[in-house]
Every structure is written in structure tokens, then in C-alpha cells.
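A.B. asks: Quick one: this structure, given as C-alpha cells, is what I'll be asking you about.
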Amino acid sequence: HLGHTLRAGPSASASRRFCSFMLLDITRLEQQLGEAVSFLHLQLDNLLRREYSTIRTELRAISIADLRRVAHFIRSSCAEHGWADPRLNAAGGHDEVGNPETVNLYQFVYNVVAPITAPAGHEVVDTSLELGAEGQAPGGFACWLEQDGRRRLRYLRGSPPSPPPGSPDKFVRTFSGSFAELLFDGEREAQWFVSHWWGEPVVQFVECLEGHVRDFKLEGDCRYWVCAYANNQTRIADELGTQGPLASPFYKALQVAQGAVLVIDEASTVTTRMWCGFENVVIAQERKPLVMATTQGAGRLLTTAPAPIDHEQVDHFGNKISPPKAQMERQAQFPATRLEAALVTRLEQAEASNEQDKAMITEIVASQLGGFALADSNLRVGAAIALFGLDKVTKEAAEAMNAAAEPFVLTGSADTLAGAVVAHGLGVQRCSEVHMQSTVADDTAVIAIGDVLRSAPILVALELKFRSCKELGDAGAAALGRGLGGAPRLTALDLNFRACEKIGDVGAVAIGEGLAGTVNLTSVTLNFSCCTMLGDDGAAALGRGLVNLKQATAVALNFYACALVGDAGAAAIGHGLAELRSLESLGLDLNGTQVTNNGAAAIAQGIGSAKNLKSIDLDCRFKQLGDIGAVALGQGLAQASLLTAVHIDFRGCAQMGDQGHSAIAQGLSQAQGLVSLDLRFSSKRWRTQTREEVVKFLAQLAA
């Protein structure tokens with residue numbers, strides 16, 4: 001962030017040291033100037049025709065397309081034009097930079113940005129001035145530039161002296177500007193602010209932002225604020241001003257941007273630089289979305305929530321992957337070493353090349369921005385969450401999550417969570433959402449999870465998937481039921497115990513009792529399919545648990561292949577549904593149960609009481625369902641007049657005949673907004689997607 005300081009007029013000894021380099025360099029620099037203007041789509045006239053900048057520094061954004069061209073230019077021009085490292089080597093000269101993949105921003109600014117933008121800005125009116133054989137000019141090295149019939153001396157290295165006394169016409173100060181101002185001739189807001197260290201390779205920096213564009217589904221002209229390109233590197237002191245960090249372009253640009261990208265270099269140096277620390281403090285205070293990016297063959301991102309690309313992922317079978325799971329899988333590609341480095345972030349201990357800058361920023365952060373703690377916490381927690389997804393939970397990671405300053409979402413393996421709870425005391429008291437899954441969890445692990453849930457005061461979403469966990473039984477399920485009482489703000493619950501064959505009525509009863517206390521739930525999904533030990537007592541308890549969920553808008557219950565569930569359980573479920581007056585979406589699978597017409601009638605009463613119901617998905621493949629039960633279901637459906645989408649499966653219901661078919665059709669015909677209909681019978685499937693098709697089909701079925 002210190003930018004590039006142009007060499008002052010060289011002494012004789014400095015000229016001699018530099019001259020051997022310039023003999024090889026000056027012609028190439030002149031050639032490069034012309035190539036860069038064309039290759040990078042620069043508008044040099046934007047600088048030459050102005051006397052001063054009219055574009056505020058915080059509104060000098062650079063697009064991803066511009067940055068791609070920069071990376072391409074580096075790869076094509078670095079070796080050809082003999083770029084040099086700005087640092088003096090042991091011999092007092094400048095080493096050549098030959099590998100474009102390692103060119104950093106210090107080197108790119110020195111070799112390209114400064115020469116292109118840099119004249120330090122003098123127009124030479126006295127055209128009798130001649131340059132030396134190696135491009136030597138008063139105070140440095142330069143070349144002539146013709147523009148609109150005017151001849152200007154452009155400094156490629158060094159800085160011209162002030163006009164000599166008594167000769168004001170020889171040197172006339174003109175405008176020099178930023179690299180971004182060569183790309184456009186007006187203010188451009190950045191959508192994203194980029195915090196980074198100048199020492200990382202520029203091509204890797206661009207790869208990080210390419211990853212950001214990819215994962216966030218951004219348009220090709222996505223714009224970023226990057227200090228090296230936005231600030232005038234020949235007048236960096238003027239850009240920063242004298243009013244302190246809160247009046248700097250960095251702060252102002254952060255106010256404009258919708259979010260920030262923190263580019264983490266290979267050594268995580270960015271978290272040890274004070275100006276970057278200041279930026280992260282502002283990001284945290286302003287609650288700006290923060291994306292951490294690094295490169296390992298391609299840009300890899302850490303995000304505080306699922307990125308847009310995570311909402312589009314499917315598995316090998318074409319099934320949609322939940323966004324939190326997709327986020328976890330994506331973040332597994334982030335290098336673990338950089339996560340571990342971020343875990344020990346101490347921004348307050350960061351360094352600055354200028355000790356005055358460090359002292360000034362430290363004082364401003366402490367007195368006006370609330371300190372470094374929030375920014376430190378956000379970086380540590382982001383790293384800890386990603387390590388959790390990699391099944392690498394350390395004591396430091398657990399401590400970071402337990403002390404998180406902001407709520408966070410935890411996604412990963414239930415086995416990892418249980419292990420971290422036992423080994424490191426990990427809690428979920430700062431979690432807003434928990435999404436876990438396992439196929440091997442046993443009672444011991446799930447009891448640990450249930451116990452930690454008893455202190456989850458801000459948890460709003462809980463998703464636990466324990467499919468085919470053969471050693472998970474009633475003890476584990478009961479612990480989860482007890483844990484629900486510790487999450488008073490819970491609004492979304494998804495518990496999946498599919499094929500957990502040891503779970504029976506005792507576990508389900510505890511879950512039902514836990515449900516009764518979670519009165520803020522709006523969405524409930526419970527999957528007990530293939531839990532063959534579950535019977536009426538467990539199903540009835542779950543039904544009773546629904547009664548208090550007055551805010552529930554979506555309920556999905558799956559009892560597939562629970563052969564011990566019968567009418568008593570169905571009756572309690574129907575009674576519970578009848579209390580859910582806000583219900584809009586219902587899913588209920590009773591396939592393979594012992595429910596009869598009586599149970600179907602109870603379910604129908606619950607449906608009929610849900611006056612706001614818009615979507616229904618019923619699997620009624622229980623053999624005892626006949627016309628009596630179908631007629632009751634038709635009557636219940638008739639009262640759900642706001643239905644827009646219906647899917648009901650009656651396959652295998654051999655006792656159901658024309659009377660039942662007609663009753664279903666008559667009931668559904670009351671829903672004037674019904675446009676999506678999927679009815680399956682043993683001999684035929686009726687599927688429609690338009691209102692006209694629905695009306696036609698229901699008339700046929702009723703007849």
C-alpha cells in the first residue's frame with residue numbers, strides 16, 4: 001500500500017550505477033509504452049489533455065476484463081522488455097525480472113504503471129532541449145511524446161527538477177494520474193474492494209478475482225477497487241492526504257463497495273500488514289460481505305455463506321446438492337496451510353514500512369473504530385469453519401469459533417462436530433445455522449451433539465442427516481430431542497434418520513417433546529423412513545409436537561416403510577396439522593404403513609383446516625386405503641382452495657375405485673389456482689402443468 005516512490009534526480013554516482021541498466025532499457029521502455037497503450041486498451045489522451053484529475057480516487061475502479069489484459073500483458077512482455085526489480089542488488093544495480101509468473105505489484109508498478117502514468121508531469125515548452133544518448137534528461141531518463149502538435153518530455157525513470165528561477169517557460173507542470181484513469185474518462189464505482197499485499201504475483205492476484213467472478217456468477221465487467229491502479233503512484237502522498245486513514249481513498253472506496261475480497265498470498269503476509277489490517281477493521285465494522293481468496297491452480301474462495309454457484313450444484317445422479325454442503329465441498333479446495341495461518345491472525349500486531357503509519361492507524365482503530373477484535377475474529381472464524389469442513393479441528397479453531405464476535409454457519413461432518421465437542425470443547429453458542437451429516441454416527445457421537453445443542457441461543461436453522469447410521473438408536477435421538485429445548489430461536493429444523501433401524505418410539509417421543517418447545521419453527525422436516533421399530537407411540541408424539549407450531553408454514557414428515565405406524569399415529573398427525581393455520585406446504589409419506597381409511601380421514605381433517613395450504617405432496621400407498629378414505633381426502637382437499645401444486649400417489653391402493661377417484665377430482669376442482677398437478681394411480685399417471693390441462697383432466701377423472 002506504500003505504492004512506488006520515483007527516484008529523485010540521481011547523483012552522479014547513482015547515474016553511473018543506473019546507466020548500465022538504462023542502456024539496455026530505455027529503448028525497450030519507449031517501445032513498451034506504445035505497446036501497452038494498444039494492448040491494455042489505454043487512453044493516454046485521458047491524462048495528456050487534463051490539467052488535473054476530475055475523477056475522485058475512490059471512484060477509479062478497474063474491471064475484471066482490464067485485469068485479464070494486465071495478466072496477459074505481463075506474460076507477453078516481462079522478458080521481452082527487460083523488466084527490472086526496483087530494489088538495488090548487492091552490486092548496486094537492478095536484477096532482471098524474467099519469470100512473468102512471479103512478477104509482483106512492486107515490479108509491475110515500477111516497470112509499467114509508473115512509466116506510463118508517471119511523467120511527474122512536466123511539459124517542456126523549450127523544444128531545444130536534447131536528451132542524452134541513453135535517454136538522460138535533467139533529473140532522470142525520458143523520451144519525447146508528441147500529442148496534438150505539442151512535444152512533451154515523458155519521464156520513464158526519475159523525476160524532473162523544479163523550473164530554474166527566472167525561466168518559467170522551460171518546465172511547465174502538467175497532469176499525471178493513475179493507471180485506472182487511462183482506462184476510462186469518468187467515475188466508476190467498484191462493486192468490490194480488494195485488500196491484498198503487493199508482494200503476491202500479479203497473475204495469481206488476477207486468478208483469485210477470476211475465481212470470485214466464477215463463484216459469484218458476476219458479469220464480465222465486474223469492477224474492483226485496487227489501490228495500485230486507483231491511486232496516482234507518482235503522487236501517493238497527495239492521494240493519501242493529511243487527514244488520516246478515515247479520509248483516505250481506502251476508507252472512501254470501502255464505503256462505496258458492496259463487499260470486499262481479501263487476497264491471501266502464499267505466506268499469508270497480507271494479514272501482517274497494517275494498512276490491510278485497517279481495511280479489514282473497516283470491512284468488519286461496516287458489516288461488508290468478506291470473501292477470502294487464494295490461488296492453488298485456480299482462484300479458491302472462502303465465503304461466510306453459500307456463494308451463488310453453490311445454489312446450482314447437483315450430484316452424479318442429477319439431484320440438487322444443498323447450498324451449505326456445496327459450499328463445504330467447494331471450500332475443501334482452499335489450501336489448509338493458509339487457513340492455519342489465518343487462525344492465528346493478530347491484526348493489532350501488523351507491521352508497516354512507515355512506523356508513523358502504524359502508530360496512526362493503531363490509534364484511529366482503537367479510538368474510533370472499536371479496535372481490532374471484530375476483524376481478528378472474523379478472519380479466524382472464517383479459517384476455522386473451512387478447516388472444520390476439512391475435518392481438521394484444532395484447539396485454536398475451536399477457541400476461535402467459541403469466541404466468535406459474529407454469528408456464523410457451521411457445515412460439515414457430524415462425526416467431526418462430535419469429536420471437536422469432546423476433544424476441544426467446541427460449542428454452538430455462536431452458530432446461527434448448523435448443517436451436519438453422517439452415515440456412521442453412533443449414540444455416543446449424537447449424544448455429544450445433543451448435549452451441545454442445549455446451549456444454542458441464536459441458532460435459527462438445524463439440519464442433521466444421519467442416513468443409515470446402524471449404531472444410532474433411541475439414546476442418541478432422545479439426546480437430540482432434549483437439545484432442541486436449548487435453541488429457542490430455531491425457525492428451520494431438518495432431521496433425517498432414514499434407515500436408522502435402532503431408532504424406535506422412545507427416540508421419536510423425545511423428538512416430539514422437543515418439537516413442542518420450539519414454538520418459532522416455520523419449517524419442519526422429519527424423515528423416519530425405514531425406521532422399522534417406530535410405531536404409533538412415536539408417530540403420535542410427533543403429531544402432538546406439531547400442535548404448538550403456530551408459525552409453521554412448511555411441514556414434511558416421512559414414515560415410509562414404518563410398518564408399525566397405523567391409524568393412532570395418523571390421527572395424532574392429523575390433529576397436529578389441524579392446528580397449523582399458517583401452513584402453506586405439506587409433505588407426508590405413509591407408504592408402507594398400516595394406516596387405513598380411518599387414519600386417512602384424520603389426515604384429511606388436518607388438510608381441510610389448513611386454509612392457506614398452497615402445495616401438497618402425499619404418498620398414500622397404504623394397502624387399506626379405499627373409497628371411504630379417498631372420499632374423506634377429497635373433502636379435505638376441497639377446503640384447501642388456495643392450492644397451486646398437488647402431487648398424490650395412490651399406486652397399489654386396490655380398494656380405491658371410481659367413487660374415490662371422483663371425490664379426489666371434485667375436491668381439487670375447488671382450487672381455482674391449481675396449475676401443477678401430478679396424480680398417480682396403479683394404471684395411469686396424470687401430470688399437468690397448465691390451468692387448462694388441470695380443468696380438462698379433473699373433468700375426465702370426475703366422470
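The values are calculated or read from the model by the stated rules, or taken from the named source; none is laboratory data. As the structure is a computational prediction, the values presented were derived from the model and not from experiment. Here Cβ is always computed from backbone atoms with ideal geometry, including for glycine, and neighbour counts include all displayed protein chains. Protein only, heavy atoms only, side chains kept; ligands, DNA and RNA dropped before computing areas. Shrake-Rupley method; radii C 1.70, N 1.55, O 1.52, S 1.80 Å.
A.B. asks: If you average 1/r over every pair of different alpha-carbon atoms in the range 255-360 and take one over that average, what Kirkwood value in Å do you get?
C.D. replies: Across the range 255-360, the inverse of the average 1/r is 15.5 Å.
A.B. asks: Here is a further query. Using every alpha carbon pair in the range 551-703, what percent of pairs falls into each 5 Å bin from 0 up to the bin containing the largest distance?
C.D. replies: So the P(r) values, bin by bin, are 2, 11, 21, 26, 21, 14, 5, 1, 0.
A.B. asks: Take the Cα coordinates of the range 363-464, assign each an equal point scatterer, and use the Debye formula without solvent to give log10 I(q)/I(0) at q = 0.21 Å⁻¹.
C.D. replies: The Cα Debye sum returns log10 ratios of -1.03.
A.B. asks: Now for a different question. Calculate the radius of gyration of the Cα atoms of the range 642-703 to one decimal place, then report Dmax, the largest Cα-Cα distance, as a whole number, both in Å.
C.D. replies: Looking at the range 642-703, its Cα Rg and Dmax stand at 10.9, 30 Å.
A.B. asks: Want the number for GLU130 to ARG346: 0.36 nm per residue separation, take away the alpha-carbon distance, what's left? Don't jump to the answer; show the numbers that get you there.
C.D. replies: Details: separation 216, 0.36 × 216 = 77.76 nm, distance 5.45 nm.
Fully extending the segment from GLU130 to ARG346 adds 72.3 nm.
A.B. asks: Under 4 °C and 1.567 mPa s, how fast does the range 181-233 diffuse according to Stokes-Einstein, given a Kirkwood radius computed over C-alpha pairs? Answer in µm²/s, whole number.
C.D. replies: 105 µm²/s
A.B. asks: Okay, next question. Using a cut-off of under 18 Å, list every residue of the range 375-393 whose amide N is near the label point 7 Å from the Cα of ILE458 along the Cα-to-beta-carbon line.
C.D. replies: Answer for this model: 375-386.
A.B. asks: Turning to a different aspect of this structure: Kindly provide the Kirkwood hydrodynamic radius of the range 164-294 in Å, to one decimal, from all pairs of distinct alpha carbon atoms.
C.D. replies: 16.2 Å
A.B. asks: Ok, one more. Under 5 Å between amide hydrogens, which residues at least 5 positions from CYS531 or on another chain qualify, with H placed 1.01 Å from N in the peptide plane?
C.D. replies: So CYS531 has HN proximity to ALA499.
A.B. asks: For the chain, build the charge dipole from Cβ charges (+1 Lys, Arg; -1 Asp, Glu) around the Cα centre, then report which of HIS212, GLY514, THR295 sits farthest towards its positive end.
C.D. replies: The residue sitting farthest along the positive end of the dipole is GLY514.
A.B. asks: Now a separate question. For LYS465, which lysines qualify as cross-link partners when the Cα separation must be under 16 Å and same-chain residues fewer than eight apart are set aside?
C.D. replies: LYS320, LYS325, LYS502
A.B. asks: Only helical DSSP H runs with n ≥ 4 go in: add -39500 (n - 2.57) per run for the chain, normalise by residue count and round the 222 nm mean residue ellipticity to 500 deg cm²/dmol.
C.D. replies: Computed mean residue ellipticity for the chain: -11500 deg cm²/dmol.
A.B. asks: May I pose another question? With charges only on Cβ, +1 for K and R and -1 for D and E, what is the dipole size of the range 374-435 about its Cα centre, in debye, rounded to 20?
C.D. replies: The calculation lands at about 60 debye.
A.B. asks: Under the rule of at least 5 residues apart or a separate chain, name every residue whose amide H is placed under 5 Å from the amide H of GLN313.
C.D. replies: It is ILE321, by chain and number.
A.B. asks: Residue-wise, which Karplus ³J(HN,Hα) couplings in Hz belong to the range 572-580, taking 6.51 cos²θ - 1.76 cosθ + 1.60, θ = phi - 60°, and x for glycine or proline?
C.D. replies: Running phi through 6.51 cos²θ - 1.76 cosθ + 1.60 with θ = phi - 60° gives 5, 5, x, 5, x, 4, 5, 8, 8 Hz.
A.B. asks: Could I ask something else about it? For the chain, report the accessible area per residue in Å² (1.4 Å probe, heavy atoms, rounded to an integer).
C.D. replies: 39 Å²
A.B. asks: Per residue and in cubic angstrom, what volume does the convex hull of the Cα atoms of the range 449-572 have?
C.D. replies: Given the Cα convex hull of the range 449-572, per-residue volume reads 77 Å³.
A.B. asks: Something else now. Show log10 I(q)/I(0) for the range 616-664 at q = 0.18 Å⁻¹, two decimals, from a solvent-free Debye sum over equal Cα scatterers.
C.D. replies: Each listed q corresponds, in turn, to -0.52.
A.B. asks: Taking θ = phi - 60°, what integer Hz values does the Karplus form 6.51 cos²θ - 1.76 cosθ + 1.60 yield along the range 616-621, in sequence order, with x for Gly and Pro?
C.D. replies: Along the range 616-621, the couplings run 9, 9, 10, 10, 9, 7 Hz.
A.B. asks: Find, to one decimal place in angstroms, the Kirkwood hydrodynamic radius of the chain, where the mean of 1/r is taken over every pair of different Cα atoms and then inverted.
C.D. replies: One over the average 1/r among Cα pairs gives 29.7 Å for the chain.
A.B. asks: Oh, and also: Where a ≥ b ≥ c are the square roots of the eigenvalues of the C-alpha gyration tensor, would you call the range 512-571 rounded, which needs a/c under 1.5, or, failing that, prolate if a/b is larger than b/c, or oblate?
C.D. replies: Prolate, since a/c reaches 1.5 and a/b exceeds b/c.
A.B. asks: Given R₀ = 60 Å, what would the calculated FRET efficiency be for GLU266 paired with GLN551, taking r from the Cβ atoms and rounding to 0.05?
C.D. replies: Plugging the Cβ-Cβ distance into 1/(1 + (r/R0)^6) gives 0.75.
A.B. asks: Something else about it: Hey, got the dipole for the chain? About the Cα centre, +1 on K and R Cβ, -1 on D and E Cβ, debye to the nearest 20?
C.D. replies: The dipole of the chain has a size of about 820 debye.
A.B. asks: SER353 to VAL695: extension gain in nm, 0.36 nm per residue of separation minus the Cα-Cα distance?
C.D. replies: 115.6 nm
A.B. asks: With every protein chain left in place, what is the accessible area of ILE74 in Å² (1.4 Å probe, nearest 10)?
C.D. replies: 0 Å²
A.B. asks: Now, a different point. Each residue of the range 101-111 in turn: what ³J(HN,Hα) in whole Hz from Karplus with 6.51, -1.76, 1.60 and θ = phi - 60°, glycine and Pro shown as x?
C.D. replies: So the Karplus estimates, Gly and Pro as x, are 6, 10, 4, 9, 6, 4, 6, 5, 5, 5, 8 Hz.
A.B. asks: Also, quick follow-up: Determine, for each peptide in 442-450, 639-647, 357-365, the mean count of other beta carbons within 10 angstrom over its residues, then list the peptides with the highest first.
C.D. replies: 442-450, 639-647, 357-365
A.B. asks: Another one. Report, by chain and number, residues whose modeled amide H sits under 5 Å from the one on ARG300, excluding near sequence neighbours (fewer than 5 apart, same chain).
C.D. replies: THR294, THR295
A.B. asks: Just grab the label-to-label distance for LEU88 and ALA702, each label 7 Å out from Cα along the Cβ direction, in nm (one decimal).
C.D. replies: Between LEU88 and ALA702, the label points sit 9.6 nm apart.
A.B. asks: Carbon and sulfur together cover what percent of the accessible area of the chain at a 1.4 Å probe radius?
C.D. replies: 51 percent
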